[in-house]
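A.B. asks: Quick one: this structure, given as structure tokens, is what I'll be asking you about.
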Amino acid sequence: MNNRFKNLRIHLRLSKEKVLCGVLCTLCLLLAPSTGCRSYNLGNQYLYRSDIRTVHVAMFDSESMRRFLGQRLTESVVKQIELNTPYTIGAPQVADSFVQGKLVRERKKPLSEDWYDDPNVLEIQYRVEVTWVDRAGVPLMPLQSINIERDAVFIPEGGQSMATAQQELIDRIARQIVGQMEMPW
């Protein structure tokens, strides 16, 4: 009998050790992923500066002879800020920061022509200078002034128009401007 109880005690002790080991392993497996990703954040609010809440986008100047390019670029930048950032658009009296820009160059050149020297593939190109400063005038972008040069190709014979190519180019420039507003890694 005594031998039986001894075997039972050894068996119970091993069972308790196995259970304790299993519990500890389970806790380690549950806690390990959460400690490794402790500083990981979700959402776009962590991509942008936390000290800025409102942005005023001044009307973009344009040296182009085409009408309303500055207004269209301003409207596209405002939409991109509202869609992709935690910032709100504010009046200049209450804004924490200011975005100013200027369309300094517009070029349109033919890439290919038909037999009658009519262009059948055209490229338009814009160059924009942009600054983003806080209320005290301190630059908030990695560079004091960024130069964005983008181009778009359109084919009039294929039914594309200059207006659609311009809008595509304006939207791409606006996305790049808002992308520059992200905090550096």
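Coordinate-derived values only; no laboratory data. Note that the structure is a prediction, hence the values are computed from the model and not measured. Please note: Cβ atoms are built from the backbone with ideal geometry, for glycine as well, and neighbour counts cover all protein chains shown.
A.B. asks: Note down the nm distance, to one decimal, between modelled labels 7 Å out along Cα→Cβ at Ala58 and at Gln71.
C.D. replies: It is 2.0 nm.
A.B. asks: Using a 7 Å offset from the Cα along the Cα-to-Cβ direction at both Val104 and Thr164, what is the distance between the two label points in nm, to one decimal?
C.D. replies: Calculated label separation equals 3.2 nm.
A.B. asks: Next up: Multiply the residue gap between Gln93 and Glu113 by 0.36 nm, knock off their C-alpha separation, and tell me the result in nm, one decimal place.
C.D. replies: Working: separation 20, 0.36 × 20 = 7.20 nm, distance 5.17 nm.
Additional length available on full extension: 2.0 nm.
A.B. asks: Right, another one. Give the peptides 69-76, 50-57 in descending order of average Cβ contacts within 10 Å, highest first. Write out the running numbers ahead of the final one.
C.D. replies: On the way: 69-76: 19.6, 50-57: 16.0.
So the peptides 69-76, 50-57, ranked by packing, come out 69-76, 50-57.
A.B. asks: Let me understand the stretch 44-180 better: what is its radius of gyration from the alpha carbons, and its Dmax, in angstrom?
C.D. replies: Rg then Dmax for the stretch 44-180, in Å: 17.0, 59.
A.B. asks: Using a Förster distance of 41 Å, how high is the FRET efficiency between Leu24 and Gln180, based on the Cβ-Cβ distance and rounded to 0.05?
C.D. replies: Values: r = 49 Å, r/R0 = 1.20.
In this case the efficiency is close to 0.25.
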